[in-house]
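Written out below as structure tokens is the structure these notes cover.
No value in this document is a laboratory result; all are computed from the given coordinates. This one's a predicted model, so the numbers in the text were calculated from it and none came from an experiment. Neighbour counts are summed over all protein chains in view; Cβ atoms, including those assigned to glycine, are modelled from backbone coordinates with ideal geometry.
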Amino acid sequence: MGWKYTYVKGIPIEAQYLYKKAMEMYNQGKTDSALKYLRQTLVIAPCYPKALLTMGTCLEKLGLHGEATARYEQAIQIDPSLKEILEKRR
């Protein structure tokens with residue numbers, strides 16, 4: 001496998017697997033497929049901040065800026081340290 005596995009405490013293993021699949025799709029430029037995996041991830045773990053952040057990135061890439069902003073805000077509410085990451089991107 002091309003990715004290193006790191007367990008995230010408090011996030012179900014199934015959600016982490018789906019997130020890794022989403023990242024594989026995103027890195028291959030398959031944004032729509034990545035979004036499908038991210039939606040499945042968030043059904044299992046709705047408070048998974050990395051998944052929300054990545055979903056925001058995918059939505060922004062697709063031009064859905066309002067939805068992207070909502071996902072970013074959700075992610076920051078769960079993990080305030082993500083605000084700094086988002087600010088560095090802009």
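Looking only at residues in the range 38-73 that are assigned to a helix (DSSP H, G or I) and among the small types (Gly, Ala, Ser), which one is surrounded by the most Cβ atoms within 10 Å (Cβ to Cβ)? Before you say what the answer is, go through the steps one by one.
Let us first name the residues in the range 38-73 that are assigned to a helix (DSSP H, G or I), namely 38-44, 49-61, 65-73.
From what is left, the residues that are among the small types (Gly, Ala, Ser) are 51, 56, 66, 68, 70.
Details: 51: 28, 56: 25, 66: 7, 68: 18, 70: 15.
My answer is 51.
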Here the residues within the range 16-27 that are within 11 Å of the chain's Cα centre (by Cα) and of a type in the set (S, T, N, Q) are 16
Those residues of the range 28-67 which are under 11 Å from the mean Cα position of the chain (by Cα), among the charged types (D, E, K, R) and under 18 Å from residue 82 (Cβ atoms) amount to 50
For the range 15-36, pairs from a residue that is basic (Lys, Arg) to a residue that is buried (at least 16 other Cβ atoms within 10 Å of the Cβ), with Cβ under 7 Å and 6 or more apart or across chains, are 21/37
